[in-house]
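Let me begin by presenting the structure, written as structure tokens, before commenting on it.
The values are calculated or read from the model by the stated rules, or taken from the named source; none is laboratory data. Note that the structure is predicted; figures quoted are calculated from it, not measured. Cβ placement follows ideal geometry from the backbone for every residue including glycine, while neighbour counts extend to all protein chains displayed. These area figures cover heavy atoms from the full protein model, side chains too; ligands, DNA and RNA do not enter into them. Shrake-Rupley method; radii C 1.70, N 1.55, O 1.52, S 1.80 Å.
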Amino acid sequence: KSMSEHTADQLIAQHVKLDDTLTAMTKAADEAAKPYKDACKLIENMLLAKLDAEGADNFKTDHGTAYKSEIMKVQVTDRDTFVEFVTQNWREIGSQMLMATAQKDAVKEYLANNDGKLPPGLEISRFIRLNIRRS
């Protein structure tokens, strides 16, 4: 059938049916993979314990290498103090330490209150996305 021969209701119904099938398939695949993922996690924990017990950073074997890497997370606990520090040290380290991005809702509000004019230094792009919601 050509596109004009399908009603919007038929197309949405088919999309919902396909989405349900994909959801069920994904759930089944996740359930089937769970014991394998759990076993991999157990082996990773055993290897980490073995690395720690032997005081090693890695194990190189014929089958591959297990190695430790440190992950650091950074969280701002006092925004005002941090922003003041970054501003005072902008040339030395501030511009590297602070990543600035515009908040979409604040920009929308600014546009609405300023005849659609953007704040200096910003550019926006828009696109249309189709959404399908179940009834």
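As a fraction of the 1.4 Å probe accessible area of the chain, surface on carbon and sulfur atoms comes out at 55 percent.
Using the crude model of +1 on Lys and Arg Cβ and -1 on Asp and Glu Cβ, and no other charge, please compute the dipole size for the chain relative to its Cα centre, in debye to 20. Walk me through the numbers on the way to the answer.
Values: 19 positive and 21 negative charges, 101 e Å.
Once rounded to the nearest 20, the dipole reads 480 debye.
Legend: calculated FRET efficiency, Ala32 to Tyr67, from the Cβ-Cβ distance at R0 = 41 Å, rounded to 0.05, equals 0.90.
Could you compute the longest span of the chain free of GluC sites (Glu not before Pro) located in DSSP loops and having at most 12 other Cβ atoms within 10 Å, not counting the site residues? Present the calculation step by step, with values, prior to reporting the outcome.
Working: sites that count: Glu70, Glu123.
The segment 1-69 is the longest one with no such site.
Spin-label model, Ile93/Thr77: points 7 Å from Cα along the beta carbon direction are separated by 1.7 nm.
Grab the other residues whose beta carbon is less than 9 angstrom from that of Ala66, score K and R as +1, D and E as -1, and report the net. Write out the running numbers ahead of the final one.
On the way: positive: Lys50, Lys60, Lys68; negative: Glu44.
Cβ neighbours under 9 Å give a net charge of +2.
Distance between the 7 Å Cα→Cβ label points at Leu111 and Asp9: 3.6 nm.
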